[in-house]
Structure formats: C-alpha cells, structure tokens
Amino acid sequence: MLMEKEKPKKMKLGFYPYTYVRSNVMRTLLIKKEDYHKLMKMTFTEITRYLQESIYKTDIDKLATELSGTELLEIALNRNLESSFEKLRRISPKELNILIENYLKRKDIEDIKTLMRGKYINADKNLIINSLQAAGTLSMDYLKKLVELESIQEILKNIKIFDFSEFKDPIMDFEEKNALVSIENKLDQLYYQEILEFTKSLPVQGSLFKDFLLQEIEIKNLITLIRLKREKLDKKDIRKYLFFSGDRDLDSNLNRLLDADLGNIIKILERRPYSKILESGFKDLNEKNSLINLEIGLYKYLLDKSILLQHQNPLSIDVILGYMFAKEIEVRNLKILVKGKQLNMTEEFIENQLVV
C-alpha cells in the first residue's frame, strides 16, 4: 500500500467561489471542439503558429531557442500542463489542494511509467527527461534524480510515495517474463486504492468526485478486460489486471464480465449509458480487428461526464475535477495531432485518435 497513510479524517470543505470561478475561466481557455476541426485542416507549421498565439505561447517561446519541430511542441505542452496545475494549486486554499494533489498523483504514475519504459529500452536520459510531465506531486528535479538510477527495481525502491514491498510479485513477474505490464498495473491499482480511500474523508460535496472516479475505474476495467479476453487469457490471469473498487454493484458486474465470453459483453452491459459505444466498437473489432474506436469512444464518454459535472455544479469542487480531466485530454489530443501531422498521417486516422 502507499506509504505514510493513516485512516482518513473527515475533511471540512467550505465555499470557495474565487477558486471555482477562476477554474471556470481556465476551462474556457481550453480548445473548443470546433477548433479541433480547424486544426485538422492545418499543416504542421500552421499548427505551430496557432499554438504560439494561444495559452501555450509562453512555454513555446521559452524553449524555442534550444528546440524545434515536434520536440519543441511536445515539451512545451508538458510544461504548460505542469504550470496550469501549479496555478490551480496556487489559487486554491489548503483544503482544496489536498483534493487536487490526491487526484494529480495519477500524473506521478504516468511519469514513473515513462521512466521505467525509457530505462527498459535503454533510451537516452535526455529523451526520457523531455518526455516527463512533472504535473503531479513529484517535482522535475526529483524525477531527474530517478532518471539517473540504473534499473527499474532501483526506481521503484526510491519512489517516496510507494511502499516497495507492494512490488514484490510484480518485480518477480518482470524478471521472469521481461515485461513491464505487471508493475504498471500495480501502479494503477495503488493509485485507485489510495484515492478511493481518500474520498471516504470527503463531505457530501465530494460525492460526485467519487462517482466520477468509479466510472473511470469501470471504463478502465472494461477496456483491460476486453483487451485480455481478445488475447484469450484465462479468467484467473485477467483478474490480476483488474481493480475491484469495493462498490458492490460495479464489482458484481465485473465478475459477470469475467465469466462471460467476449461476444456476450454487449448483452451484459446493454443497460449501461455507454452501450451504443460498445456496439459500435465491437462492430469495428469484428470487421477491422481494431479496438481503437471502442477505447476512444469510452474515453469520450468520460470527458462528456466531466463537462456535465461542471455545467451542473459550476460553483463546487466538481468544476476543479472537470478542468483537470479536460486539460489532461487537451494536452494528449495536441500531442497526437502534432505527431500525426509531422508523420503525414491522414486526417481520418488522426481524428479517430482524438477525444473531443
């Protein structure tokens, strides 16, 4: 389990209109759906110019003397994500910062995975560093120290937010199979284990925050389960890669899915609000042997839920959650768009990868 954790005490959340209004303003600066359609028609040079005239200008200008092309834009996007979340913490009182930092530990996990993957393929240290976001609770200076370590085991031993003993079995699996999947899966499980425990400390204002996390867990479990059933793994092996949240209905449904054949998943989930997405995604899986549309469709569903939270609760902690999730998605979309244009991929292919 994660280190330095105690039984959560009930938090007292006040009313913070300044932070909520500022978060709403930050959300209005995000790229609109119609703007993505315009970006799809642009060349790489035109996209660069567009970003230089947007909220990404400062970050691009800072790096432009040393970098260029795709590398410049991708690193600038990472730095902007880091500064955006730092600004959010700066305008938030202590109580909201506790919530923000608990949520943003997911960015720490993304960086740890990037570190391990870079170490796994013996990537250049500067390339690994340039791929880090440092948008969570671990600073860039701290992450750079981890880059200097020689092995994946050493990285895990020196990450201060984890108890290294939790990784005993995943490390054994890594050493036997030379694959990172068990370690990466354990990182995700520890994150969700901790943040769901944290939600128990929230007052009633935090109920929608927990509901959103449970939906995210449901979607991630579903994608993992479909991938592994497609690879014909047995039930016992698939179970190791799933996260049981403790929610009775979700866990019961997950067990039903574990027992089902791949072809029966749509029927079991026919009453879920994303059932139409599943139908379309499975059609693609059957016809093109591709899960891309299914996965993108489900992540779009989550993005829509985050937008709904903000519209329904514009002066609550939900607007902060919605902004953070949407900002993560925007940076991801722009990286895909920039890379796709640089590699001369078709508009159709790039558009199918975007969550808008």
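Data table
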| read-out | value |
| --- | --- |
| Which of Lys186, Lys339 has the fewest Cβ neighbours within 10 Å, and the rest in rising order | Lys339, Lys186 |
| Residue exposure sequence - Phe44, Phe164, Phe209 - by fewest surrounding Cβ within 10 Å | Phe164, Phe44, Phe209 |
| For segment 96-110, Karplus couplings with θ = phi - 60° (6.51, -1.76, 1.60), whole Hz, Gly/Pro x | 6, 5, 4, 5, 4, 5, 5, 5, 6, 5, 5, 6, 4, 5, 4 |
| Rh by Kirkwood over Cα pairs, then Stokes-Einstein D for segment 177-223 at 1.567 mPa s and 4 °C, µm²/s | 109 |
| Packing-based exposure ordering (other Cβ within 10 Å, fewest first) of Val21, Val204 | Val204, Val21 |
| Rounded if a/c under 1.5, otherwise prolate or oblate - segment 199-356, Cα gyration tensor axes | oblate |
| Cα gyration tensor shape for segment 19-63, rounded if a/c is under 1.5, else prolate or oblate | oblate |
| In order through segment 336-347: 3J(HN,Hα) via Karplus (6.51 cos²θ - 1.76 cosθ + 1.60), integer Hz, x for Gly, Pro | 5, 5, 4, 5, x, 5, 5, 8, 6, 6, 6, 4 |
| Rounded Å value of the spacing that divides the Cα centres of segment 68-134 and segment 177-243 | 21 |
| Cα shape, the chain, gyration tensor, a/c 1.5 rule | rounded |
| Amide H within-cut-off set for Phe162, under 5 Å, with H built and near neighbours excluded | Met3 |
| Calculated log₁₀ intensity ratio I(q)/I(0) where the Debye formula runs over C-alpha points of segment 7-155, q = 0.08, 0.12, 0.17 Å⁻¹ | -0.30, -0.66, -1.11 |
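Every number in this text was worked out from the coordinates using simple rules, so none of it is lab data. Every value quoted in this text rests on a predicted model; they were computed, and no experiment measured them. Don't worry about glycine lacking a Cβ; one is built from the backbone with ideal geometry, like all the others, and counts go over all protein chains shown.
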